[in-house]
């Protein structure tokens, strides 16, 4: 899930409330926060080197892969 919105629109409150609600029903909650304005598009999504045809993972790719590997290893995070 991604929450996108203007500053002050309540994004942090929304994800914290959702994490707590999932926790209350026994569902594991894992989250990470990214500021997409802090990195370039290639750094965020990943890119391919034109010369070598080698793929370089972006921040989102790495985060999703790490979360998938750790699924079931974390306690609910709040």
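Taken together, the values in this text are just the output of simple stated rules run on the coordinates, not laboratory data. Given the structure is predicted, the values throughout are model-derived calculations rather than measurements. No Cβ is skipped: glycine too gets one built from the backbone with ideal geometry, and neighbour counts run over all protein chains shown.
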**Request:** Just grab the label-to-label distance for residue 16 and residue 53, each label 7 Å out from Cα along the Cβ direction, in nm (one decimal).
**Result:** 5.0
**Asked** In degrees from 0 to 90, rounded to the nearest 10, what is the angle of the helix 11-24 Cα long axis to the longest principal axis of the chain?
**Response** 60
**Prompt:** For Kirkwood radius over Cα pairs in Å, the choices are (i) 12.7; (ii) 13.0; (iii) 14.6; which was calculated from the structure?
**Reply:** (iii)
**Message:** Using only Cα atoms and rounding to the nearest 10 degrees, what angle (0 to 90) does helix 59-69 make with the longest principal axis of the chain?
**Reply:** 60
**Message:** Mean-square fluctuation check for the chain, GNM, Cα pairs under 10 Å: which of 25, 59, 39 is largest?
**Reply:** 25
